[in-house]
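Take a look at the structure below.
The values are calculated or read from the model by the stated rules, or taken from the named source; none is laboratory data. Everything numeric in this text was worked out from a predicted model, so none of it was measured. FYI the Cβ positions are ideal-geometry reconstructions off the backbone, even for glycines, and counts take in every protein chain you see. What goes into the accessible areas is simple: the full protein's heavy atoms, side chains included, and nothing from ligands, DNA or RNA. Shrake-Rupley method; radii C 1.70, N 1.55, O 1.52, S 1.80 Å.
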Amino acid sequence: MFRIVCFVLMILPGLTQAQTRVPVSQAEIQLGFAPVVQEAAPAVVNIYASRIVEARRSPFRGDPFFERFFNDFGATRPRVQNSLGSGVILSEDGIVVSNYHVVGEATDIRVVLNDRREYAARVLLGDEEADLAVLQVENAPELPALDLRDSDTVQVGELVLAIGNPFGVGQTVSSGIVSGLARSGTATGNARGYFVQTDAPINPGNSGGALVDVNGDLIGINTAILSRSGGSNGIGFAIPSGLVAQFVAQARAGKTQFERPWAGLGGQPVTPDMAEGLGIARPDGVVISEVHPQSSFASHIRPGDVITMVGGQPVNSPAEVIYRMSLAGIGAETTVTRLREGAEDVVQIALIAAPDMPPRNPLETGPRAAIPQMILSTINPAVIEQYRLPLMSDGVIVDDPGPYGARAGLRPGDILRQVNGRPVEDSRAARDALERATTTLALDLLRDGQRLALRFRI
């Protein structure tokens, strides 16, 4: 026990990570993490957000039988929904970062500082997929702020503190270590995410709070836990500070939505069986199965290649590839290490947004169409990225089925392949086919990779 305590308490004011020693006095032993907390805690805030939602009050609510069948029955009325979380001040002029699930779509946001001062705030940029939001505190004086540490320098086993407002009890500090890096996929519930894992206790209300190192620098924004009970089981996840820095940079540039570079690749992690077949000593990297012809990778990568590094950092899942590209940002270039037929090469890739070509050309079906008021768009890489469609999708997508289309069973995101047995390649062809239908209508669709056939008599 004494050895552990000495290790925890060796970071003191005036010491760097390279200057470590055993505490030599009772005063030094009693300090603990207090100097770090005193430095970092003022820059961690409580966030109170509210939004108005339409709630449906059904007369059958609570009935064990009828509630199932009349769930959508009854009038709607507005209701105020409140959420509680945490945030981190990253600049003296009031830039605050929190989780999207805390402040996303909120109509009123209040930021409460550690000294109980309270200010209004507004969302500058939010992204539901990354679960990050950048806020601007309104009319605030010079505020305390945390420094961002390069998350690529974080190592498993480092001591960390999680600071936030769990269960609304007030600002709380918990300690632990970095217990894992590059967490993604089913472990976190977000196959496109990339997280730092910690055993520092994180509970509801900690969302959006700070994960700091022993120097008080931010290494991540706490976002989720892995738990069966809803309480902390020692497996928490934080969004790395490298991605947070890119969010802040885009918010300061005036972006309202986070823009990620588009890879235009399909692939999967290399398994031991794959490694043997590919002649690789270890199962590292991502084996590529598809390359979109409009991808900037297309001139350098082909199916069967293995990508082992992006930007000089190893990657072992598609989520890590996207993360490394996101750190560089659209318009930049990055290096990609490619393994092909046993030979390793490093290629330079320009990072681009998903091309909006050919034009999506959204069109609405007219009143004489078989299904009126339906909005259709031509599928292109930007649409594929927006709707998370299979990489090689083509044809026409249903942006909005309209009131008649919804009754017919259509949903936003459905891919329309054929109308009355004829393929439709773009939105204009699909609209014209629907307006020509007279007595019968046959629609062939793709939904979540499954083929559907809808047949109607007009």
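Of note:
- Index of the failed condition, residue 368 passing every other in (1) part of a loop (DSSP other than H, G, I, E, B); (2) within 30 Å of the chain's Cα centre (by Cα); (3) of a type outside the set (Gly, Ala, Ser): (2)
- Residue count for segment 95-109, restricted to those that are more than 15 Å from residue 247 (Cα to Cα), of a type in the set (Gly, Ala, Ser) and either open to solvent by less than 10 Å² (accessible area, probe 1.4 Å) or in contact (Cβ under 8 Å) with a residue 60 or more places away in the chain (or both): 0
- Residue within segment 394-403 that is open to solvent by less than 40 Å² (accessible area, probe 1.4 Å), assigned to a loop (DSSP other than H, G, I, E, B) and over 24 Å from residue 267 (Cβ atoms) present: yes
- Meets criteria (assigned to a strand (DSSP E or B) and either open to solvent by 60 Å² or more (accessible area, probe 1.4 Å) or at negative phi (or both)) for residue 246: no
- Sole residue being in contact (Cβ under 8 Å) with a residue 60 or more places away in the chain, of a type in the set (A, V, I, L, M, F, W, C) and part of a helix (DSSP H, G or I), chosen from 275, 263, 251: 251
- Verdict on residue 411 being open to solvent by 30 Å² or more (accessible area, probe 1.4 Å), charged (D, E, K, R) and in a loop (DSSP other than H, G, I, E, B): yes
- Exactly one residue out of 431, 360 is in contact with a helix residue (DSSP H, G or I) (Cβ under 6 Å, 6 or more places away or on another chain), modelled with pLDDT of 95 or more and open to solvent by 10 Å² or more (accessible area, probe 1.4 Å): that is 360.
- Of the listed requirements (1) under 30 Å from residue 238 (Cα atoms); (2) in contact with a strand residue (DSSP E or B) (Cβ under 8 Å, 6 or more places away or on another chain); (3) at pLDDT 95 or above, residue 323 misses just one: (3).
- Within the span defined as segment 271-294, every residue fails to be within 19 Å of residue 151 (Cβ to Cβ), out of contact with any Gly (no Cβ under 7 Å at 6 or more places or on another chain) and open to solvent by less than 20 Å² (accessible area, probe 1.4 Å).
- Taken as a whole, the structure leaves residue 256 outside the set of residues that are open to solvent by 30 Å² or more (accessible area, probe 1.4 Å), farther than 30 Å from residue 122 by Cα and of a type in the set (Ser, Thr, Tyr).
- Failed item, numbered, when residue 347 is tested on (1) free of Cβ contacts under 8 Å to residues at least 60 places away in the same chain; (2) in a loop (DSSP other than H, G, I, E, B): (2)
Yes/no per residue for (1) of a type in the set (Ser, Thr, Tyr); (2) in a strand (DSSP E or B); (3) within 19 Å of the chain's Cα centre (by Cα):
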site	(1), (2), (3)
119	yes, yes, no
126	no, yes, yes
140	no, no, no
146	no, no, no
157	no, no, no
162	no, yes, no
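- Close pairs from segment 434-458: first in a strand (DSSP E or B), partner of a type in the set (A, V, I, L, M, F, W, C) and open to solvent by 90 Å² or more (accessible area, probe 1.4 Å), Cβ under 6 Å, at least 6 apart: 441/458
- Cβ-Cβ under 8 Å pairs, at least 6 apart or on other chains, segment 402-423 side under 22 Å from residue 388 (Cβ atoms), far side open to solvent by less than 30 Å² (accessible area, probe 1.4 Å) and assigned to a helix (DSSP H, G or I): 416/430
- Of all residue pairs spaced 6 or more apart or on separate chains, those with beta-carbon atoms under 8 Å, a first member in segment 136-147 that is open to solvent by 40 Å² or more (accessible area, probe 1.4 Å) and a second member that is of a type in the set (Phe, Trp, Tyr) are 138/119; 139/119.
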